[in-house]
Amino acid sequence: MIAHPWILGVGIAALVVGYLLRRWASRHDLVDVATDAALSAAWSTVTRRRLPGVPEEISSRVRDVTNEASHVGKAGKVAGMAARHVLAQAAALAGLVLLVLGIGLVGAAVYWR
């Protein structure tokens, strides 16, 4: 029998929130997007034996910026991407801390007597 269900519940909640934060951060972190695109291009080069084009994720982001009518709109799009990148860096760190905290709390709830 688990001695501390509240600690277990908080630990599981921290694990879920940490996982969701890390997942959101991976979609908006520009370094992760570029790394995934480079790995995808390398894999398609190896498997298809031809040079790949620009990956869709990067070309869609460039297309979003170039579709703006004015330079101010383009700058706003780039600033939004940069702001999400900074927030993604912080969210990834917070998610990692929550994952570690959740594992610790679940372990403490299971083994506490």
request  = With r as the distance between the Cβ atoms of residue 89 and residue 43 and R0 = 41 Å, compute the FRET efficiency 1/(1 + (r/R0)^6) and round to 0.05.
outcome  = 0.95
query = Three principal axis extents, largest first, for the C-alpha atoms of the chain, in Å?
reply = 62, 41, 15
ask   = Which value in nm describes the separation of the simple spin-label points at residue 20 and residue 61, placed 7 Å from the Cα toward the beta carbon?
value = 2.4 nm
query = What ranking of 43, 24 emerges when the number of other C-beta atoms within 10 Å of each C-beta is taken as an exposure proxy, fewest first?
reply = 43, 24
query = When the Karplus curve 6.51 cos²θ - 1.76 cosθ + 1.60 is applied with θ = phi - 60°, which whole-Hz ³J(HN,Hα) does each residue of region 20-30 get, with x for Gly and Pro?
reply = 5, 5, 5, 5, 5, 5, 5, 6, 10, 7, 5
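Coordinate-derived values only; no laboratory data. Worth saying up front: this structure is predicted, and the values here are computed from it rather than measured. Methodologically, a virtual Cβ is constructed for each residue, glycine included, from the backbone with ideal geometry; neighbour enumeration extends over all protein chains shown.
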